[in-house]
Amino acid sequence: MNRDNSPWRGVTPAALHWSESRSPLSDTFDDIYYSQDNGVEESRHVYLHGNGLPQRWQRHSRNHFCIGETGFGTGLNFLVTWQAWRESPEPRPDLHYLSIEKHPLTRQDLARALNGWPALAPLAQTLLAAYPALLAGQHRVLLDDGRVRLDLWWEDAATALPDLASRAQPLVDAWYLDGFSPSCNPSMWTTQLFQAAATLCQPGASFGTFTAAGDVRRKLTDAGFTVDKVAGYGRKRDCLRGVIDVKAALPSDTKRSPWDIPDKTLVRPKHVIVLGGGLAGCATAAALARRGMSVTLLERSTLAGAGSGNDQGVLYTRLSRKHSALADFALQSFQFASTFYRRMFLMGELIPQRDGDLCGSFQQSDDAKEMAALRDALTGLEELAQILDATEASGLLGIDQPSAGYWYPGSGWLRPGAVCRSLLMHDNIEVMENCGEVTLHREGGQWLALAKGQTLASASCAVVAAGTETTSMPQLNWLPLQIIRGQITQLPTARAFSTLRAALCHQGYIAPAWEGTHSIGATFNIGDDDPALRTSDHSDNLAKLADAVPSCRDELQSFDTGALKGRVGFRCASPDYLPTVGPAPDADQFLNDFGALRKNAKHLIERRGSYLPGLYLNAAHGSRGLTSTPIAAELLASMICQEPLPFSRTLSRALSPARFIIRDLSRNRI
Ligand code: SAM
């Protein structure tokens, strides 16, 4: 699962042809995706009923029910399950559907395949609208107001399942073992894969599969499942179903010390305190509220008043030639954010033009080598990114472009304040502004939020999303977060930019006009905490824009920089420019437990991490908060609720606040 430094590329889509009855057949595996008799009925018989669904939902004790699937294929099993879930009476658990697929269908093939099922058409349309690009990695799709969470891992099950299982956390209530017949595709029916599936089982978890092959039966039994052979569907005489009995142990991970896995699991909280009313805090509050928890959000001053306070922000991402945690996070978070905001516009939670516009953005590039290397890799990923020459870019942007670069059709600009306020529109969220400096104290198993000598709120769980203020908490003062001053300039729309139709990113950025003004920016000064506007910074912003759009230089030079308006904001960033999202470590205990890394950074320490009970962090989003906070909030909410995480273990470790301690120990710096 660790792809670091391998060349960046998308996944290879499914190679298909279509039968006379218009159902898909795999060229790669030479097999059918579902029964030629009736795929929907087969899915109900083998997977839904094979796992005792929908009846089990009525007596399920936890807040969510998790289905794991090997092979998403056409999504038919998912749609049949989602339909059954929708038809089940309340109270029913949320549906978490985690599916792993090595060769996803293209959106066009998916549409064609699902076209054959008119009764599923409305659900199929919704799925198609949210279907992620064929980008290797993990993609979370929120449906039905987030009560249905579809995790699509565009990965090989042989690596994805062991990665999931390596957290040793029981997650799955029911398995759908699909994946073509064992004779056509033995890779989906291995001992290692079943061991991982067994490790992931909640007590009483079940499985269903269309095959009744003797080899599969034996391997499932060896992994700890009871296995029953029952009547198959259509032309298939038998199929298998069963439940987990005794789990076979997964071979231990000999490469990674499990410092990222908390040594204690906590009960799901009913109430959570969130500190900070910027994008990170508001997105976290919304993700928790969607899961039925009550949230008290405490803001020192006013909502979106600090780092999230600019008039306009651009939904930003960055392509790279090689995979790395930073590159993968940049794309996966962007993909999620783009769909997330598109839904908010569609639902009327954000109003086009008033609150932003997903009009696309163009990133200039002068790295011809990189563009040449990525051109092939982007084939089939046009909805994510395209390489444009200067003429094409000029056409899309509506202003003259001297440079080639990357076009991101799902990007655009947003008003961070509007996003924050909209995210908090939920009955489960209580907002308290102007609290002053809030500190957290632990007492009697609760976090008390104290300010001005008063207890404002108490809860067993608290999330610190306080941007640059995060390190003022005594529990978190060791974090190596840095302040980066950024000044934007509010440029009255001039003749040259009145035609700008999309956001333009260069050394800085400019967004299409909002209320007669473009936000342009921003300066970047590490460690500078001067809040005063500087004329010299306005000049810098204008000069960078003039370099990016030379045809507008004269007009830009005609502005009186002393008279321009702007805003100074302070970004909070980490030294590796990845955000800091996850449980707050007990720093002293970490130094103690993992001290042996000082002598040997590769030393495998088979000890889990010690964390401050119920305290989490969501910070250091730098200047990319619009892009990174929606998925970061999902990551935290999933951790707090013990759901599958929206990221691989490799990526969630890369975001974990404890990484700084482990890194410093490994370099013998602390
Ligand atoms: N469940 C699907 C549906 O509802 O349409 C049908 C699944 S189809 C029979 C099997 C799927 O497994 C294919 O989409 C195939 O690409 C996928 N697959 C095969 N080998 C795989 C592997 N090693 N890892 C992940 N997916 C794999």
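Quick notes on this structure:
- In this structure, residue 145 qualifies as of a type outside the set (Ser, Thr, Tyr), more than 14 Å from the ligand (Cβ to nearest atom), surrounded by fewer than 17 Cβ atoms within 10 Å (Cβ to Cβ) and in contact (Cβ under 8 Å) with a residue 24 or more places away in the chain.
- Residue check for residue 440: modelled with pLDDT of 95 or more and either over 21 Å from residue 514 (Cα atoms) or of a type in the set (D, E, K, R) (or both): yes
- If you go through the stretch 156-167 and keep only what is in contact with a helix residue (DSSP H, G or I) (Cβ under 8 Å, 6 or more places away or on another chain) and touching a residue at least 60 places away in the same chain (Cβ under 8 Å), you end up with 157, 161, 162, 163, 164, 165, 166, 167.
- So residue 163, is it charged (D, E, K, R), within 9 Å of the ligand (Cβ to nearest atom), under 20 Å from the mean Cα position of the chain (by Cα) and crowded, with 17+ Cβ neighbours inside 10 Å: no
- If you go through the stretch 81-113 and keep only what is farther than 29 Å from residue 650 by Cβ, buried (at least 21 other Cβ atoms within 10 Å of the Cβ) and of a type outside the set (Phe, Trp, Tyr), you end up with just 113.
- Among the residues of the stretch 310-326, those that are open to solvent by 20 Å² or more (accessible area, probe 1.4 Å) and either at pLDDT below 95 or in a loop (DSSP other than H, G, I, E, B) (or both) comprise 310, 311, 316, 318, 320, 321, 322, 324.
- Selection count where residues are more than 6 Å from the ligand (Cβ to nearest atom) and within 27 Å of residue 195 (Cβ to Cβ), scope the stretch 76-89: 2
- If you filter the stretch 520-545 down to residues that are assigned to a strand (DSSP E or B) and within 15 Å of residue 556 (Cβ to Cβ), you find that the one that is modelled with the lowest pLDDT is 521.
- Any hit, the stretch 102-115, residues being in a strand (DSSP E or B), more than 8 Å from the ligand (Cβ to nearest atom) and over 16 Å from residue 153 (Cα atoms): no
- In the stretch 451-472, the residues that are free of Cβ contacts under 8 Å to residues at least 60 places away in the same chain and either surrounded by 16 or more Cβ atoms within 10 Å (Cβ to Cβ) or over 28 Å from residue 430 (Cβ atoms) (or both): 471
- Those residues of the stretch 17-43 which are more than 9 Å from the ligand (Cβ to nearest atom) and either assigned to a helix (DSSP H, G or I) or open to solvent by less than 30 Å² (accessible area, probe 1.4 Å) (or both), in sequence order: 19, 23, 35, 40, 41, 42
- Within the stretch 609-625, being within 21 Å of the chain's Cα centre (by Cα) and under 23 Å from residue 258 (Cβ atoms) holds for 615, 616, 617, 618.
- Strands (runs of 3 or more DSSP E) enclosed by the stretch 168-264 - at least 2 residues per element that are free of Cβ contacts under 8 Å to residues at least 40 places away in the same chain and open to solvent by 50 Å² or more (accessible area, probe 1.4 Å): 228-231
- Applying the set (1) closer than 17 Å to residue 241 by Cβ; (2) at pLDDT 95 or above; (3) of a type outside the set (A, V, I, L, M, F, W, C) to residue 35 leaves exactly one unmet item: (2).
The values are calculated or read from the model by the stated rules, or taken from the named source; none is laboratory data. In this text the structure is predicted, and so the values were computed from the model without any measurement. Cβ coordinates were reconstructed from backbone atoms using ideal geometry, including for glycine residues, and neighbour counts include every protein chain displayed. Keep in mind that these areas ignore ligands, DNA and RNA; they rest on the heavy atoms of the full protein, side chains included. Shrake-Rupley method; radii C 1.70, N 1.55, O 1.52, S 1.80 Å.
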